[in-house]
Amino acid sequence: MKNNQPKLVEKEKIVAEKLNGRFAMLGFIALVGAYLTTGQIIPGFI
């Protein structure tokens, strides 16, 4: 009972995952920028 057909992924899911990855990279760059400018990992938290 093997299914040899490849799984098809909807285009919306692929776009959503790419967008999610781009926002994660943007957040990481913002984190590094905040750390370099203020010296705190979360500015204003402590």
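Values in this text are rule-based calculations from the coordinates and carry no lab data. Predicted model, so just to flag it, every value in this text is computed and none were measured. When we count neighbours, we look across all protein chains shown, and the Cβ atoms used for this are built from the backbone with ideal geometry, even at glycine.
Given a Förster distance of 35 Å, report the FRET efficiency between LEU31 and LYS11 from their Cβ-Cβ distance, rounded to the nearest 0.05.
0.70
Which is the longest stretch in the chain that no exposed loop site breaks, taking sites as trypsin sites (Lys or Arg not before Pro) with a DSSP loop state and at most 10 other Cβ atoms within 10 Å?
8-46
Using the Cα centre as the reference, give the magnitude of the dipole from point charges on the C-beta atoms of the chain (Lys, Arg: +1; Asp, Glu: -1; all else neutral), rounded to the nearest 20 debye.
260
Cα axis of helix 11-38 to longest principal axis of the chain: angle in degrees, 0 to 90, nearest 10?
Long axis of 11-38 versus the principal axis of the chain: about 20 degrees.
Among LEU26, GLN40, VAL9, pick out the residue whose Cα is farthest towards the positive end of the charge dipole of the chain, where Lys and Arg carry +1 and Asp and Glu carry -1 on C-beta, about the Cα centre.
Working it through, the farthest residue towards the positive pole turns out to be VAL9.
Calculate how large, on average over all directions, the projected area of the Cα convex hull of the chain is; give the answer in nm² to one decimal.
Dividing the Cα hull surface by four gives the mean projection, 5.9 nm².
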